[in-house]
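Step one of this worksheet: look at the structure below.
The values are calculated or read from the model by the stated rules, or taken from the named source; none is laboratory data. Note that this is a predicted model, so its numbers are computed, not measured. Methodologically, a virtual Cβ is constructed for each residue, glycine included, from the backbone with ideal geometry; neighbour enumeration extends over all protein chains shown. Note: accessible area is taken over every heavy atom of the protein model, side chains too, but ligands, DNA and RNA are not part of it. Shrake-Rupley method; radii C 1.70, N 1.55, O 1.52, S 1.80 Å.
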Amino acid sequence: MTELAPPEPVRIGIVSISDRASSGVYTDQGVPALQTWLTSALINPIQFEARLIPDERALIAQTLRELVDDAGCHLVLTTGGTGPALRDVTPEATLDVADRDMPGFGEQMRQISLHFVPTAILSRQVAVIRGQTLIINLPGQPKAIAETLGGHPAAKGIFAAVPYCIDLIGGPYLETRDEVCAAFRPKTAQRPVRQG
């Protein structure tokens with residue numbers, strides 16, 4: 001029996017965007033929630049690049065560029081700043097750095113959240129590709145982050161599509177724990193299943 005190669009390391013940028021948390025008014029929950037979920041879902045060794053910044057469009061765009069162009073992240077997830085309030089500028093900043101738009105992610109995130117709250121239609125999350133990196137805006141609350149990424153009985157989570165997207169743009173082969181989130185790939189794109 002052929003021994004499987006070890007899982008490929010992945011570098012993931014996580015950006016919590018909040019005026020109040022970044023100024024110390026309250027403790028940020030976005031970065032810990034993302035780290036916890038990703039660590040439980042992925043078998044790959046992860047190097048996190050974490051940032052906590054205020055709702056400033058130019059700073060958000062600068063941070064995203066830095067994580068992609070300088071830090072070499074394969075995936076960047078943001079949390080916060082995606083509603084209709086005047087200071088919610090995360091989607092605009094994300095589009096500022098985009099090479100290509102990936103509208104299906106935002107559409108599915110809103111479908112997931114609508115199972116819980118009618119105000120999900122106010123969410124403006126987007127996902128884009130910059131170079132060989134996927135950038136996705138997520139909701140701000142830890143519960144909503146987990147529901148959006150992993151899904152629930154009535155709706156598939158978005159993370160099931162992330163590994164194959166990363167494959168297609170030239171990133172590492174992400175392997176997930178099925179009990180948290182089963183990655184979906186066409187059979188022609190699958191590698192042998194890792195046990196344990």
**Message:** Under 5 Å between amide hydrogens, which residues at least 5 positions from residue 171 or on another chain qualify, with H placed 1.01 Å from N in the peptide plane?
**Reply:** none
**Request:** State the percentage of accessible surface on the chain attributable to carbon and sulfur atoms; use a 1.4 Å probe and exclude ligands, DNA and RNA.
**Result:** 55
**Prompt:** Check residue 151: other-chain or 5+ apart residues with amide H under 5 Å from its amide H, H built from backbone geometry?
**Reply:** 157, 158
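So what's the range 155-196 giving for Rg/Rh, alpha carbon basis, Kirkwood Rh from the mean inverse pair distance?
Working: Rg = 10.2 Å, Rh = 10.9 Å.
Over the Cα atoms of the range 155-196, Rg/Rh equals 0.94.
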**Fill in**
Hydrodynamic radius by Kirkwood for the range 18-132, inverse mean 1/r across distinct Cα pairs, in Å, is 15.2
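Find, to one decimal place in angstroms, the Kirkwood hydrodynamic radius of the range 117-186, where the mean of 1/r is taken over every pair of different Cα atoms and then inverted. Provide the component values of the computation, followed by the final result.
Numbers: mean 1/r = 0.0755 Å⁻¹.
After inverting the mean inverse Cα-Cα distance, the result is 13.2 Å.
If N is the number of residues in the chain, what value comes out of its Cα radius of gyration divided by 2.2 N^0.38 Å? Kindly include the intermediate steps, with their values, before the conclusion.
Values: Rg = 16.2 Å, N = 196, 2.2 N^0.38 = 16.3 Å.
Its radius of gyration relative to the 2.2 N^0.38 Å reference: 0.99.
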**Complete:** Taking every other residue with Cβ under 9 Å from the Cβ of residue 90 and scoring Lys and Arg +1, Asp and Glu -1, one gets -1
**Asked** With charges set only on the Cβ (+1 for Lys and Arg, -1 for Asp and Glu), what does the dipole of the chain come to about its Cα centre, in debye to the nearest 20?
**Response** 400
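Which chymotrypsin sites (Phe, Trp or Tyr not before Pro) does the range 16-53 hold that lie in a coil by DSSP with at most 13 other beta carbons within 10 Å? Before the final figure, lay out each step's value.
Working: sites: 26, 37, 48; in loops: 26.
In loop regions of the range 16-53 (DSSP not H, G, I, E or B), the sparsely surrounded chymotrypsin sites (Phe, Trp or Tyr not before Pro) are 26.
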**Message:** Under 10 Å, Cα contacts only: if you run a Gaussian network model on the chain, which one of 147, 179, 92 comes out with the highest mean-square fluctuation?
**Reply:** 179
**Message:** Please list 3J(HN,Hα) in residue order for the range 29-38, calculated via the Karplus relation 6.51 cos²θ - 1.76 cosθ + 1.60 where θ = phi - 60°; whole Hz, with x for glycine and proline.
**Reply:** 10, x, 4, x, 5, 5, 4, 5, 5, 5
**Accessible area per residue, Å², the chain with all protein chains present, probe 1.4 Å** = 50
